[in-house]
1. Of all residues being within 23 Å of LEU281 (Cα to Cα) and of a type in the set (Val, Ile, Thr) in segment 205-245, which is surrounded by the fewest Cβ atoms within 10 Å (Cβ to Cβ)? Just the residue, please.
2. Taking segment 246-261 only, how many residues are open to solvent by 30 Å² or more (accessible area, probe 1.4 Å) and under 15 Å from TRP201 (Cβ atoms)?
3. Answer yes or no as to whether GLY172 is touching a residue at least 12 places away in the same chain (Cβ under 8 Å) and among the small types (Gly, Ala, Ser).
4. Please state which of the following conditions VAL169 fails to meet, knowing it meets all the rest: (1) open to solvent by less than 70 Å² (accessible area, probe 1.4 Å); (2) within 23 Å of LEU250 (Cβ to Cβ).
5. Here are the criteria: (1) over 28 Å from SER135 (Cα atoms); (2) among the charged types (D, E, K, R); (3) open to solvent by 50 Å² or more (accessible area, probe 1.4 Å). Tell me which single one LYS198 does not satisfy.
6. Report whether or not LYS264 is of a type in the set (Lys, Arg), open to solvent by 50 Å² or more (accessible area, probe 1.4 Å), farther than 24 Å from ASP138 by Cβ and in contact with a strand residue (DSSP E or B) (Cβ under 7 Å, 6 or more places away or on another chain).
7. Given the criteria closer than 20 Å to THR161 by Cα and either open to solvent by 60 Å² or more (accessible area, probe 1.4 Å) or among the aliphatic types (A, V, I, L, M) (or both), does VAL293 qualify?
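The values are calculated or read from the model by the stated rules, or taken from the named source; none is laboratory data. The shown structure was predicted, so the numbers you read here are calculated from the model rather than taken from an experiment. Backbone-built Cβ (ideal geometry, glycine too); neighbour counts: all protein chains shown. Surface areas here come from the heavy atoms of the whole protein model, side chains and all, with no ligands, DNA or RNA. Shrake-Rupley method; radii C 1.70, N 1.55, O 1.52, S 1.80 Å.
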Amino acid sequence: MIVFALKTLRRFACVLMTAPLVSGCLFITDTSRMNADVFVKETAPVFNYNNVGSIPREPLPQTPGSINSRPPDLFRSQFQQLYGPPTTARPGPALSPAYRDRTMGYGLPVSNPLHRAMYDVLSDDGHTLPAIPYSRIDPRFLRQEVSYQTAEAPGTIVVDTRQHFLYLVQPGGKAVRYGVGLGRSGYAWSGRGAIQWKAKWPRWTPPDEMVQRQPELASISAARGGMVPGLNNPLGARALYIFKDGKDTLYRVHGTPDWQSVGKATSSGCVRMLNQDVIDLYDRVPQGAPIVVM
């Protein structure tokens with residue numbers, strides 16, 4: 001009798017111990033899966049965005065019983081291409097004043113992804129060229145292959161002084177185009193010549209006429225050996241020396257640490273290029289290549 005009572009007591013204790021677990025699994029209903037708002041919140045896609053500076057959009061009217069009518073805006077990046085402002089002439093309700101004068105955007109890239117590699121930090125002959133902030137330069141003046149119809153033979157350098165472009169003519173009606181800075185009015189040179197000599201990390205010796213105009217350059221005149229090569233040297237990483245009829249014109253195609261001068265007329269007559277671009281041109285052009293500046 002006592003044994004039977006003990007077995008009954010043990011069974012009753014097991015039931016009491018497992019009752020909370022059973023009730024938690026079987027008898028408490030999970031109502032969240034029956035709530036449409038909770039279901040949408042848990043299953044909607046997650047966007048990495050920030051409301052600060054995001055693209056403004058006119059909110060859609062709420063419809064009873066509908067899911068969120070518009071997902072959150074994606075965070076505007078440097079690759080956001082802009083258009084606008086939006087017009088109210090198109091069909092549909094007019095935009096509110098809060099959105100009427102704002103520029104809208106869509107996520108197409110505005111620059112060639114190759115430019116990051118072209119203008120990145122570059123180690124060259126013991127010098128480290130800093131990256132060029134190409135996003136701050138007019139995209140027209142960044143290195144690119146273009147269609148170019150000309151009577152000049154492939155391998156010829158053509159400098160278009162009106163557009164501030166340097167073309168390296170390629171076969172098949174193509175050319176590699178670079179943006180350049182040019183001489184101020186009265187200092188520019190034009191004509192036909194040849195690249196008689198090329199130099200890596202050249203020494204700069206300002207002409208005597210320039211030293212006379214700018215006496216502060218006397219310490220780096222030709223008589224004193226010029227300016228040593230380096231990141232601050234006005235000739236930059238490379239120089240291509242222009243000769244005409246076997247004589248030095250004293251004009252150069254060269255690099256420059258002043259990337260902001262590309263596309264402008266600021267030099268003393270030479271053709272300035274971004275340092276990464278002049279290295280690319282130097283590697284493509286043989287000594288003796290013809291050059292036309294027009």
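1. Once the filter is applied, the top-ranked residue is VAL228.
2. Qualifying residue count for the region: 2.
3. Details: touching a residue at least 12 places away in the same chain (Cβ under 8 Å): no; among the small types (Gly, Ala, Ser): yes.
For GLY172, the condition - touching a residue at least 12 places away in the same chain (Cβ under 8 Å) and among the small types (Gly, Ala, Ser) - is not met.
4. In the conditions (1) open to solvent by less than 70 Å² (accessible area, probe 1.4 Å); (2) within 23 Å of LEU250 (Cβ to Cβ), VAL169 misses (2) alone.
5. (3) is the only condition that LYS198 fails.
6. Judged against the criteria, LYS264 is not a match.
7. In short, yes.
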